[in-house]
Amino acid sequence: MVHISPNADVIVSEDDASCDSDVDSEQCKGPEINHAHFEQLSLDDLFPGLDFSKQFFINGEFRQAIRVATRKDIFFTTPAYADLSPKVAAMMLDDDSSLQGTWNCIPKSVPEELKESLPLRMARLTKVLKETLGPDAPTGDDFMMALGNLCGQKPSAHWIDIIGVKDRIVSHSWHQDTGGSYEGQSELESSRYTVMLGFPIENQYCGCGVFSHAIKLKHEHLAPDGHNDNEPVLFQGTADEEFIIRPEFLPGREILRYRDVDVLHSAPDTVYRQSVMRFM
């Protein structure tokens, strides 16, 4: 269960549903967290000198073109989707459906000396970026890899464009995506991160509903031994309203980054976005 301690820290109590009764509760409890639980970054941080953040903030057509191009480039370069019927493909590419794949544009099997000569994977996205940001804009491949590289050490390279439930308030469903952010020591520089790029539903929007909501944990919470990496770690209960953090989308804060072991997170109680792209 999620539990608020008397000193107003958020901790995970020993009867947490993610750790079954046969698992020592200390197995799930990691070191106390003394660093920032999450950070927000700018597209200008990654691609300076292009007014990228400003264009992303004021230009809804540009944001939508990025989404559409990214989804198509990933869909048509994912072997698992190659044999789908046109009807199913159209459903998956529909704006109101989530789509997943990989952000990695450089196959591991490619020798280092051949990486620079690879054909562009994200050709549609490249065209969109250069049409709005100019000839110095990154290629679509560089865009995806720059965001993916924020994921840190040994990322899964998983990407998903998440839609979420719109037009109604929903209860929080607190979870971790994997319950793991590192192997061995928990130094930040050797950790894996979750990275989110938010797409607000209207121009010049500042506010909540784009990014996931979060609860800051007092101690790292680790998945129990044997937990499947491809399954989320689920929690029951909730925290008092004062402990729920709702990161805001703002110009210069288009990107949210955090370690999975530092927070519990949930879809916003009220979604107000086109989507959010998650890189892991």
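Readers should treat all values here as calculations from the given coordinates under stated rules, not as data from a laboratory. For clarity, every value in this text was computed on a predicted model and none was experimentally measured. Ideal geometry is used to build each Cβ from the backbone, glycine not excepted, and the neighbour counts take in all protein chains shown.
If we keep just the residues of region 244-279 that are surrounded by fewer than 21 Cβ atoms within 10 Å (Cβ to Cβ) and touching a Cys at 6+ places or on another chain (Cβ under 8 Å), which is farthest from residue 165 (Cα to Cα)?
251
Being part of a helix (DSSP H, G or I) and acidic (Asp, Glu) is the filter here; which residues of region 106-143 pass it?
Passing the criteria: 112, 113, 116, 131, 141, 142.
Filter region 203-241 down to the residues that are of a type in the set (Phe, Trp, Tyr) and more than 18 Å from residue 164 (Cα to Cα) and list them by number.
Within region 203-241, 205, 235 meet the criteria.
Identify the residue in region 233-244 that is under 18 Å from residue 37 (Cβ atoms) and either assigned to a loop (DSSP other than H, G, I, E, B) or among the small types (Gly, Ala, Ser) (or both) and, among all such residues, is nearest to the chain's Cα centre (by Cα).
235
How do the pairs read when you match residues in region 30-54 that are free of Cβ contacts under 8 Å to residues at least 24 places away in the same chain with residues anywhere that are of a type in the set (A, V, I, L, M), using Cβ under 6 Å and keeping only pairs 6 or more apart or on different chains?
Short answer, once both residue conditions are applied: none.
Among the residues of region 179-191, count how many are surrounded by fewer than 20 Cβ atoms within 10 Å (Cβ to Cβ) and either of a type in the set (D, E, K, R) or within 21 Å of residue 234 (Cβ to Cβ) (or both).
Going through region 179-191 one residue at a time, the tally reaches 4.
So which of 230, 203 ends up being surrounded by fewer than 22 Cβ atoms within 10 Å (Cβ to Cβ), polar (S, T, N, Q) and over 17 Å from the mean Cα position of the chain (by Cα)?
203
Name every residue in region 90-105 that is under 24 Å from the mean Cα position of the chain (by Cα) and not in a loop (DSSP other than H, G, I, E, B), in order of residue number.
Once the filter is applied, which keeps residues that are under 24 Å from the mean Cα position of the chain (by Cα) and not in a loop (DSSP other than H, G, I, E, B), region 90-105 yields 91, 92, 93, 99, 100, 101, 102.
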